[in-house]
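Right, one structure below, let's go through it.
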Amino acid sequence: MKRRRFIKTGILAPFAVASAAPDMRGVKRAIGNPLVISTWKHGLAANETAMRILQNGGSCLDAVEAGARVPEADPTVSSVGYGGIPDRDGHVTLDASIMDADGNAGAVAFLEGIKHPVSVARLVMEKTKHVMLVGEGAKKFALAQGFKEENLLTEEARRTWLKKNKKSVFPGETPNGKSHDTIAILAQDKDGKLAGACTTSGWGNKMRGRVGDSPIIGAGLYVDNDVGAAGATGLGEEVIKTVGSFLVVELMRQGYEPDEACLEALQRILHRHRNTVRFSVAYIALRKDGKTGSASILNGFKYALYRDGKNILQPTEGIIK
Ligand code: SD4
């Protein structure tokens, strides 16, 4: 609505026209064929829940929120919500963000004791004038909205923490494929509208107070309903420094295919490190015509794609072998 108002007002009209890249003209919005794409194996279960909502005529926003809540509640997913590996001081601290088709956004960071940060992020978006709440303030808001305070530290996560304490686990390092599990989830509904969400407990044994890319709009998640959506997983610091998901969407606006856009965004990271890295970052992308893509720095990244009645886990070949 705001955008339409801009276009109507004479002074800002040239700006609004200039921001609509000509390359997107040939790309039509996919209508009538809902799809969901999300990171990692736990994305399969998240996609199932999200797709059920889309098939029942639900909105893409409801779909991504419900999808993200699945690994948040699953104690076996060690980098999201309940069961997440704690920070250096033994506390589980959570980051999440959400964006809708109108460009609205909500996020929470460094949130403790609340199992579903993605739902708190949605309420920040819908019930406040703000985009992001952190720490104590985020928790106070969540409690005021009726969320229950819970202990999110499972025995399993505590044992992992004790074993690895003093030794940080980089998200993206893949010693056993279990150290990184953030979910970024993007959906397109039957009207072709896009939404996305991202939720994580971040880097195991991170410094207390550390916030990653997942709740930073443009870094861990970005949605532009005119162009497409993108989400990130892996070493958040690198994603933040390159404004990764925003970059992927902007590259699609310039005419890059979704795969190419993800690849180019990762090349920016590799370039800064002279192509020598010991961490990984991966992106997933969804263009408004329903075309999807992904890329990863290292091998081992998989994403779940639910479309045309099939929910399939797809491997992504790493740039660095
Ligand atoms: C972070 N990007 O906090 C998240 C972690 C992650 O797979 O994606 N792990 O840096």
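The values are calculated or read from the model by the stated rules, or taken from the named source; none is laboratory data. None of the values given here were measured: they were computed from a predicted structure. Note that each Cβ is placed from the backbone with ideal geometry, even for glycine, and that neighbours are counted across all protein chains shown. SASA here: full protein model, heavy atoms, side chains in, ligands and nucleic acids out. Shrake-Rupley method; radii C 1.70, N 1.55, O 1.52, S 1.80 Å.
One residue is enough: does segment 264-283 have a residue meeting the conditions closer than 25 Å to K190 by Cα and within 16 Å of the ligand (Cβ to nearest atom)?
Yes - at least one qualifying residue is present in segment 264-283.
Which one is nearest to V239 (Cα to Cα), of the residues in segment 183-207 that are basic (K, R) and more than 14 Å from the ligand (Cβ to nearest atom)?
Taking segment 183-207 as the starting set, the residues that turn out to be basic (K, R) are 190, 193, 206.
Subset that is more than 14 Å from the ligand (Cβ to nearest atom): 190, 193.
Values: K190: 31, K193: 25 Å.
Only one residue fits best here, namely K193.
Name the residue, out of E264, E257, that is under 19 Å from the mean Cα position of the chain (by Cα) and surrounded by fewer than 24 Cβ atoms within 10 Å (Cβ to Cβ).
None of the others qualify; the one that does is E264.
Just to be sure I understand, how many residues within segment 101-140 are small (G, A, S) and without any contact (Cβ under 8 Å) to a residue 12 or more places away in the chain?
Qualifying residue count for the region: 1.
Could you say which residue among D213, D224 is open to solvent by 10 Å² or more (accessible area, probe 1.4 Å), closer than 18 Å to G106 by Cα and of a type in the set (D, E, K, R)?
Just a single option satisfies the conditions, and that option is D224.
From the list V227, V211, which residue is more than 16 Å from the ligand (Cβ to nearest atom) and at pLDDT 95 or above? Break it down stepwise before answering.
Details: V211 fails: more than 16 Å from the ligand (Cβ to nearest atom).
Criteria check complete, one pass: V227.
Determine which member of the set I319, I269, I297, I284 is of a type in the set (A, V, I, L, M) and not in a strand (DSSP E or B).
Of the residues listed, the single one that is of a type in the set (A, V, I, L, M) and not in a strand (DSSP E or B) is I269.
If the requirement is being among the polar types (S, T, N, Q) and modelled with pLDDT of 95 or more, which of these qualifies: T276, T242?
T242
Looking at segment 217-225, is at least one residue in contact with a helix residue (DSSP H, G or I) (Cβ under 7 Å, 6 or more places away or on another chain), in a helix (DSSP H, G or I) and not basic (K, R)?
Going through segment 217-225, the residues in contact with a helix residue (DSSP H, G or I) (Cβ under 7 Å, 6 or more places away or on another chain) turn out to be 218-222, 224.
From the residues that got through so far, the ones that are in a helix (DSSP H, G or I) too are none.
So far as segment 217-225 goes, no, none of its residues is in contact with a helix residue (DSSP H, G or I) (Cβ under 7 Å, 6 or more places away or on another chain), in a helix (DSSP H, G or I) and not basic (K, R).
Which of the residues that make up segment 268-312 are in contact (Cβ under 8 Å) with a residue 12 or more places away in the chain, open to solvent by 50 Å² or more (accessible area, probe 1.4 Å) and under 18 Å from G234 (Cα atoms)?
R268, R272, N275, R278, N299, K302
Would it be correct to say that G81 is within 18 Å of A232 (Cα to Cα), free of Cβ contacts under 8 Å to residues at least 40 places away in the same chain and in contact with a helix residue (DSSP H, G or I) (Cβ under 6 Å, 6 or more places away or on another chain)?
Taking the combined requirement at face value, the residue does not satisfy it.
Name the pairs whose Cβ atoms lie under 6 Å apart, with the first residue in segment 180-200 and over 18 Å from M125 (Cα atoms) and of a type in the set (D, E), the second more than 13 Å from the ligand (Cβ to nearest atom) and open to solvent by less than 10 Å² (accessible area, probe 1.4 Å), and 6 or more positions between them or separate chains?
Here the result reads D189/L54; D189/C60, each pair linking segment 180-200 to a residue that is more than 13 Å from the ligand (Cβ to nearest atom) and open to solvent by less than 10 Å² (accessible area, probe 1.4 Å).
In segment 111-169, how many are assigned to a helix (DSSP H, G or I) and at pLDDT 95 or above? Before the answer, list the steps.
First, pick out the residues of segment 111-169 that are assigned to a helix (DSSP H, G or I): 117-127, 135-144, 155-164.
Still in the list and also at pLDDT 95 or above: 117-127, 135-144.
Residues that pass the stated criteria total 21.
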